[in-house]
Amino acid sequence: MIIGANTNVRHRGVLFHVQTEDSGRTNPHVISHLYHQGTIVASEKTDYSDRLGVGDLENEVRKLIETQHKSMLRRLRAGDFDAVIAERLGPAATSAETPTPLPEEPSAPSPAAAMPEPAAARGFGDGIVSQKPLDEVILDYLARKARDRAGRSEGSGRKT
C-alpha cells in the first residue's frame with residue numbers, strides 16, 4: 001500500500017502543510033489537502049477508478065500521488081490559493097513576504113524559520129496548550145534543540 005506524501009512549506013512567511021494520500025482500491029482516488037494549523041485551506045481530488053485494471057497499479061498510483069502533490073505545492077507558490085488564504089487568515093497572510101522556493105523533495109519538511117523561545121522548565125504536560133498541529137509542534141521542538149546544540153558548540157570553540 002502507498003502511504004502518500006507530506007510537505008511543510010512556508011509561503012509568504014506562513015507555514016502550510018500539504019498532504020497527499022491514496023484512499024485505496026475500494027475508494028480509488030488520490031486526495032491532496034493544503035492545511036494551515038490543522039484547517040484545510042484547499043483540496044484536490046483525482047479519481048483513478050478507470051486505472052484499476054493496469055498491470056502495475058501501485059506504480060501508477062505512486063506517480064499520481066507525486067504529480068498531484070507537486071502540483072499543489074506549485075499552485076501554492078504561484079499564489080493560486082492566496083484569495084482563500086486571505087479570506088480565512090486575513091490579508092496580511094498573503095502580503096507578508098514573497099513566495100518561498102519549493103523544497104527539493106516533496107516529502108521532506110522545510111525547516112521552520114521563526115521558532116519560539118524555549119519555555120521555562122515545568123513538569124511534563126503542565127500548561128501545554130497549542131493551536132498548532134502536532135507535526136508543526138514537533139518541527140518547532142526539533143529546530144529549537146538543533147539551535148541549542150549549535151549555540152553550545154559555537155560557545156565551546158568546536159566546529160560543527
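The values are calculated or read from the model by the stated rules, or taken from the named source; none is laboratory data. Note that this is a predicted model, so its numbers are computed, not measured. All Cβ positions, even for glycine, are placed from backbone atoms using ideal geometry, and neighbour counts span all protein chains on display.
Annotations
- Annotation: of all residues in region 54-100 being assigned to a loop (DSSP other than H, G, I, E, B) and modelled with pLDDT of 85 or more, the one that is farthest from the chain's Cα centre (by Cα) is 55.
- Among the residues of region 138-160, those identified as modelled with pLDDT under 70 and of a type outside the set (Gly, Ala, Ser) are 154, 158, 159, 160.
- Matching residues in region 40-53 - criterion: being out of contact with any strand residue (DSSP E or B) (no Cβ under 9 Å at 6 or more places or on another chain) and either basic (Lys, Arg) or part of a strand (DSSP E or B) (or both): 51
- Subset of region 14-61 (residues that are closer than 15 Å to residue 75 by Cα and polar (S, T, N, Q)): 19, 20, 32, 43
- Pairing each residue of region 12-37 that is assigned by TED's automatic domain parsing to the domain that holds residue 68 with any residue that is part of a loop (DSSP other than H, G, I, E, B) and charged (D, E, K, R), provided the two are 6+ apart or on different chains, yields C-beta distances under 6 Å for 12/97; 13/97; 37/132.
- Whenever a residue of region 54-80 is more than 17 Å from residue 18 (Cα to Cα), its partners that are assigned to a loop (DSSP other than H, G, I, E, B) and not aliphatic (A, V, I, L, M), lying with C-beta atoms within less than 7 angstrom and at least six residues away or across chains, give the pairs 61/48.
- Any hit, region 58-69, residues being in contact with a Pro (Cβ under 8 Å, 6 or more places away or on another chain) and of a type outside the set (A, V, I, L, M, F, W, C): yes
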